[in-house]
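Heads up, the thing below is written out as structure tokens.
No lab work stands behind these numbers, since they all come straight from the coordinates. This one's a predicted model, so the numbers in the text were calculated from it and none came from an experiment.
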Amino acid sequence: MTKRTIAEPYKIKAVEPIKVTTPEYRAKCMAEAGYNTFLLRSEDVTIDLLTDSGTTAMSDRQWAGMMLGDEAYAGSRNFYHLEQAINEIYGFKYVVPTHQGRAAEHITSQLRIQPGQYVPMNMYFTTTREHVERAGGIFFDCIIDEAHDTSSKHPFKGNVDIAKLDRLVAEKGAEAIAYLSIAPCVNMAGGQPFSMANLREVSAWGERYGIPIIFDATRALENCYFIQQREEGYADRSIREIFKELMSYGEGCTMSSKKDNLVNIGGFLATNNDEFFLRAKEMVVVFEGLHTYGGMSGRDMEALARGIEEMVEDAHIASRVRQVEYLGQRLIDAGVPIVEPVGGHAVFIDARGFLPDMPQDHFPAQTLAAALYVDSGVRSMERGIVSAGRDPETGEHRHPKLELVRLTIPRRVYTNLHMDVVAESCEALLQQRDSIAGLKMVYEPEKLRFFQARFEPLA
Ligand SMILES: *Cc1c(COP(=O)(O)O)cnc(C)c1O
């Protein structure tokens, strides 16, 4: 029998109406926004697939919890609930709340890295690498080569290549490594998971040299779903159990609660290391707030504690990842070139394959993202030459291998009919692709140009 449909494991209790717009109106909005989807007003967007960060719909239980916020400066009961949820579900003893993931990364990097030390990561994330480098650390990519190859269908493209770690130790010595920063469902590789077998090996390797794992745990839950579906021995285990096992290989984690944890804002640092906890508590007071709120209100901590309890339900995560797969499959069926296997949080359209005659200097992914918005009001984001920026030495555009449009699915927000609209719009554009002209950049910020750059159509 074919895989049966799983319906969303929730009913809709409150709705947020979407403004109905016409292609003419959207063409005007896109021109005003300089053909950059980051510069659109959210009001003018029909289906917003810009990011899955902080865009979650909360449950009635979480909203009810917001009314139970204890806004005391010190010792809020919501902090103790949050701590208990993390103890039970993540399995770490100590918790330091922060306003977002990057604040936990800042504290961890400052406290755990001696200048000149290496921090191996399976690929990288922008803020994680930035904080490592600010602390004087050196980023070292230890992901398997398949992760950099869009044509590879490896089921665990997020795996660590132990041989790369061995070479680093052979050249620099184990003392030169601060810790292993391991990310589940690697964002920059398209949401690709690692296997538990690989993690077990990485953990054993670390123990041999006395090097701990500190997870960038942002999308660990989605990774657990792939382990349950793809890895031998895990089909009958619950997500909650798999999650606990995965976290057990780490000494601690930094977390952006805007992803897995089903809230709109928040983050934390968790650890089993007494000394690290003590020093992190001292530091959080300087940068975030007292160690029992760390930049979050009591009500936000309550919603977060409840989100953590809800996220490990098997039905939730199956529905979440299968919605992403559903969109991916619809696009494959329509002949739209995408990166496979589909990851846990997003579908990536291969703009080079979509617009094969367009030179990369005409910004194919940026062009396609703009065209998609005008066609159907779907907001996506460019991950290609614009995001890659310029080479600081030559001043020329970097020409990355990947020229992608990212369709990122928020959690519990859209139905599969919304996904159908997205797929049909992509299909319609594919049929008229010969009429899609490229763009020229008319304003270019010096740093992180993709956020604010402006474009005009090439005649
Ligand atoms: C979002 C994200 C972060 C940073 O978290 P913020 O809450 O946005 O500060 C770190 N790592 C990964 C992999 C992320 O996706």
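So what is the 222 nm mean residue ellipticity for the chain from helices alone, if each DSSP H run of at least 4 adds -39500 (n - 2.57) and you divide by all residues, rounding to the nearest 500 deg cm²/dmol?
About -12000 deg cm²/dmol.
Compute the convex hull volume of the Cα atoms of segment 314-459, divide it by the residue count, and report the result per residue in Å³ as a whole number.
122
Once each part is reduced to its C-alpha centroid, what is the distance from segment 1-39 to segment 380-444 in angstrom?
Taking the Cα centre of segment 380-444 as reference, the centre of segment 1-39 is 16 Å away.
If you average over every viewing direction, what projected area does the convex hull of the Cα atoms of the chain give, in nm²?
22.3
Report, to the nearest 10°, how far helix 77-89 tilts away from the longest principal axis of the Cα atoms in the chain, using its own Cα long axis and a range of 0 to 90°.
The angle comes out at about 90 degrees.
Compute the relative contact order of the chain as a whole-number percentage, counting only Cα pairs closer than 8 Å that sit 6 or more residues apart in sequence.
23 percent.
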